[in-house]
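The values are calculated or read from the model by the stated rules, or taken from the named source; none is laboratory data. Computed from a prediction, not measured in an experiment: that's the story for all the values here. Note that we place each Cβ from the backbone using ideal geometry, even for glycine, and neighbour counts take in every protein chain shown. Accessible surface areas use protein heavy atoms only, side chains included; no ligands, DNA or RNA. Shrake-Rupley method; radii C 1.70, N 1.55, O 1.52, S 1.80 Å.
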Amino acid sequence: PYWTYDANTFTRYSGSYGIDRVVTDTDTDDEGNTTTTARIETDWYPKSGAVSVPFDDVVVCASKSLPHDLIDKLEPWGLEDLRPFDPAFLSGFLTERKAIELRDGYTLAQEKMDPEIHTAICRDLGGDRQRVHSKSVAYSDIMFKHFLCPVWMSSFRYNDTVYRFAVNGRTGELSGERPYSVAKLAAAVLTGLAILGSVAYILSQQ
């Protein structure tokens with residue numbers, strides 16, 4: 001079970017934008033040798049404004065069977081191909097009822113919208129760097145749909161730990177948990193350090 005939400009957002013914000021400049025420092029030692037180094041400093045300027053960001057089909061899984069950070073990786077679903085509900089589609093399959101209600105799903109959708117709103121504010125602030133001090137978001141023209149998506153779910157056990165995985169039944173996209181070998185990870189890190197050490201030694205000899 002899934003929800004999808006549409007909304008128009010209007011956000012007033014206050015923040016500041018930074019302009020980078022290069023500062024050159026010059027040092028002279030006791031022998032008269034001069035060393036010049038460059039560093040970047042940022043001058044900050046306050047700014048406030050407003051941005052409008054529309055959202056279409058923000059998808060929220062209405063299931064609690066799997067963590068959302070895992071099942072979100074199954075997207076996109078190709079919602080342009082949604083069809084009106086027909087019980088024949090579910091023949092021979094288990095169907096899960098929604099465990100997340102409409103209002104709670106909308107809260108999750110707002111969390112998904114927030115990064116894009118933040119990006120729009122930073123773009124409007126301009127400059128080389130941005131800081132957002134506060135923002136107030138107004139939502140309008142809110143619409144929603146409730147629909148079902150085909151997901152294959154399974155799990156496997158390894159060293160007394162259960163790992164879950166899911167497959168997008170439409171695209172084949174896979175998302176899941178897996179075990180990691182500590183020995184292999186340690187060997188990879190040691191190999192990388194050995195390579196870096198060898199390169200550093202060769203460069204020092206040159």
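Of these, K47, K98, which one is outside any strand (DSSP E or B) and either modelled with pLDDT of 95 or more or not acidic (D, E) (or both)? Walk me through it before giving the result.
On the way: K47 fails: outside any strand (DSSP E or B).
Sole residue among the options that is outside any strand (DSSP E or B) and either modelled with pLDDT of 95 or more or not acidic (D, E) (or both): K98.
If I go through the stretch 160-174 residue by residue, how many of them are assigned to a loop (DSSP other than H, G, I, E, B) and touching a residue at least 24 places away in the same chain (Cβ under 8 Å)?
Going through the stretch 160-174, the residues assigned to a loop (DSSP other than H, G, I, E, B) turn out to be 160, 169-173.
Next, only the ones that are touching a residue at least 24 places away in the same chain (Cβ under 8 Å) stay: 170-171, 173.
So the count comes out to 3.
Any chance you could count how many residues in the stretch 70-95 are in contact (Cβ under 8 Å) with a residue 60 or more places away in the chain, open to solvent by less than 90 Å² (accessible area, probe 1.4 Å) and hydrophobic (A, V, I, L, M, F, W, C)?
Summing the residues that are in contact (Cβ under 8 Å) with a residue 60 or more places away in the chain, open to solvent by less than 90 Å² (accessible area, probe 1.4 Å) and hydrophobic (A, V, I, L, M, F, W, C) in the stretch 70-95 gives 6.
Scan (1) hydroxyl-bearing (S, T, Y); (2) open to solvent by 50 Å² or more (accessible area, probe 1.4 Å); (3) within 18 Å of Y5 (Cβ to Cβ) for the single condition Y106 breaks and write down its number.
Failed condition: (2).
Restricting attention to the stretch 9-52, report how many residues are under 30 Å from P76 (Cβ atoms) and open to solvent by 60 Å² or more (accessible area, probe 1.4 Å).
Of the residues in that region, 2 qualify.
Within the stretch 53-69, can you find the residues that are more than 24 Å from A7 (Cα to Cα) and open to solvent by 20 Å² or more (accessible area, probe 1.4 Å)?
Pass one, the stretch 53-69, residues more than 24 Å from A7 (Cα to Cα): 64-67.
Residues satisfying the conditions are K64, S65, P67.
Which one is farthest from S14 (Cα to Cα) among residues in the stretch 120-179 that are buried (at least 16 other Cβ atoms within 10 Å of the Cβ) and among the polar types (S, T, N, Q)?
N168
So which of F89, F85 is part of a helix (DSSP H, G or I), aromatic (F, W, Y) and at pLDDT below 95?
On the way: F85 fails: part of a helix (DSSP H, G or I).
Only one candidate passes the filter, namely F89.
Would you mind finding the one in D6, D43, D56 that is of a type in the set (D, E, K, R), touching a residue at least 12 places away in the same chain (Cβ under 8 Å), out of contact with any Ser or Thr (no Cβ under 8 Å at 6 or more places or on another chain) and over 17 Å from E111 (Cα atoms)?
Numbers: D6 fails: over 17 Å from E111 (Cα atoms); D56 fails: over 17 Å from E111 (Cα atoms).
Criteria check complete, one pass: D43.
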